[in-house]
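Comments concern the structure below.
The values are calculated or read from the model by the stated rules, or taken from the named source; none is laboratory data. Remember, predicted model here, so these are calculated numbers, not experimental data. Here the Cβ positions follow ideal geometry from the backbone for every residue, glycine too, while neighbour counts run over all protein chains shown. We work out accessible area using only protein heavy atoms, side chains counted, and drop any ligands, DNA or RNA first. Shrake-Rupley method; radii C 1.70, N 1.55, O 1.52, S 1.80 Å.
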Amino acid sequence: MVGKTITMFLVSGSSNGVSTVEISGWTGKILVCPRTDLAELAARPEPTRTGIYLLIGDDLNNPGQLRVYIGQGDNVLRRLTYHNSDSGKDFWETTIVAISKDESLTAAHVRYLESRLIDIVKRSPQATLHNANFPTTPNLPEPDRAYMESFLAEMRLLLPTLGYSFVQVQPVTSTASTPAAPTALSSPASTSPIFQMTMTQSGITAKAQQINGQFVVLKGSFARKDPHTALPSSIVAFRDQLCQKGILADTTQNGCLEFLEDVTFSSPSYAAAAIAGTSTNGRLAWHVEQTGETYKAWQANQVQRAAQANPSSAIDGDEDDDDTDGTDTND
């Protein structure tokens, strides 16, 4: 993967005000601000252009989840002013606006982006879509469609760096059981072997793969249907979102839920807890499918191999962080 430079400018010198975010080589520009600083945003020229916007806030009905409204307009500021007086947008806390620096976005372009983003958020287990209407995707000429998909890809790259991972691109999983060996001065392979987690008494088996730093539970995995009461509310809410969106479903008669799509989790332990229905140390619960090696041991070996291949690095000793807080995943 080729590195990219992201530039963030704090307009007022404060992290709580308006910020502009750009990425090297991209014609687009993102503006972010709290709703409380909407007047500061309104004083800038960018929101008066054609663009796409997201209104984001906490979803009070689903603890730990976000609620998102997506819109577009020839004059984004006019739309934001209208929404600001709408009592139905009381959840709204953060404003994100995306425009083109060369003003090349047209009304058809932003309608395309609106439709695509709505579809993405509808499928995301990390957010609830506030939109009541779901517009169809405009049939753009092929060059314009390619331009908008490229524009959207940059948005999906930038927004997670701002803390909004509900638009994050789902990694493409593979069936490779072992990663390619890292070369000298390179990072470890971006795709891990397949990990497996088994709960023998419940008959639950799940598989996962780490791809470009994201831990992905694979389609066809199973999870406990009824979580323990001690399971953190954020994980319960995430599971509920998966069920509501038809991603985690009761397809069997064995008291398990099945993953009908690949699902990205923030960590192996978060994934393990969602599957086991109780707090679980994923670094010990997940094992390399072929070798039985724990995720913890596999990761340590990856770090060691990368360090040994890097002549600038020297690691002495064999320290261990001694995980002792694991939960037995055999029920």
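Quick notes on this structure:
- Hits in the stretch 1-28 - residues which are under 20 Å from residue 43 (Cβ atoms), of a type in the set (Val, Ile, Thr) and not in a strand (DSSP E or B): 11, 18
- Check on residue 139, part of a loop (DSSP other than H, G, I, E, B) and in contact with a helix residue (DSSP H, G or I) (Cβ under 8 Å, 6 or more places away or on another chain): no
- Whenever a residue of the stretch 277-305 is free of Cβ contacts under 8 Å to residues at least 24 places away in the same chain, its partners that are among the basic types (Lys, Arg) and open to solvent by 30 Å² or more (accessible area, probe 1.4 Å), lying with C-beta atoms within less than 8 angstrom and at least six residues away or across chains, give the pairs 294/283; 299/283.
- Subset tally (residues that are open to solvent by less than 30 Å² (accessible area, probe 1.4 Å) and either assigned to a helix (DSSP H, G or I) or out of contact with any helix residue (DSSP H, G or I) (no Cβ under 6 Å at 6 or more places or on another chain) (or both)) for the stretch 109-130: 11
- Here residue 225 meets each of (1) open to solvent by less than 60 Å² (accessible area, probe 1.4 Å); (2) within 29 Å of residue 63 (Cβ to Cβ) with one exception, condition (1).
- Residue that is farthest from residue 206 (Cα to Cα), among those in the stretch 253-270 that are in a loop (DSSP other than H, G, I, E, B) and touching a residue at least 24 places away in the same chain (Cβ under 8 Å): 266
- Residue within the stretch 91-111 that is at pLDDT below 95, over 19 Å from residue 162 (Cβ atoms) and charged (D, E, K, R) present: yes
- The residue of the stretch 4-19 that is least open to solvent (accessible area, probe 1.4 Å), among those that are more than 20 Å from residue 166 (Cα to Cα) and touching a residue at least 24 places away in the same chain (Cβ under 8 Å), is 18.
Matching residues to (1) open to solvent by less than 80 Å² (accessible area, probe 1.4 Å); (2) within 28 Å of residue 240 (Cα to Cα); (3) without any contact (Cβ under 8 Å) to a residue 24 or more places away in the chain; (4) in a helix (DSSP H, G or I):
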{"position": "38", "(1), (2), (3), (4)": "yes, no, no, yes"}
{"position": "44", "(1), (2), (3), (4)": "yes, no, no, no"}
{"position": "55", "(1), (2), (3), (4)": "yes, yes, no, no"}
{"position": "64", "(1), (2), (3), (4)": "yes, yes, no, no"}
{"position": "77", "(1), (2), (3), (4)": "yes, no, no, yes"}
{"position": "83", "(1), (2), (3), (4)": "yes, no, no, yes"}
{"position": "95", "(1), (2), (3), (4)": "yes, yes, no, no"}
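- Looking only at the stretch 66-75, and only at residues there that are in contact (Cβ under 8 Å) with a residue 60 or more places away in the chain, in contact with an Asp or Glu (Cβ under 8 Å, 6 or more places away or on another chain) and open to solvent by 20 Å² or more (accessible area, probe 1.4 Å), the one that is nearest to residue 129 (Cα to Cα): 67
- Test set (1) in contact (Cβ under 8 Å) with a residue 24 or more places away in the chain; (2) farther than 22 Å from residue 62 by Cβ - residue 240 fails condition number: (2)
- Some residue of the stretch 301-320 being within 26 Å of the chain's Cα centre (by Cα) and at pLDDT 85 or above: yes
- Residue check, residue 147 open to solvent by 30 Å² or more (accessible area, probe 1.4 Å), modelled with pLDDT under 95 and of a type in the set (Ser, Thr, Tyr): no
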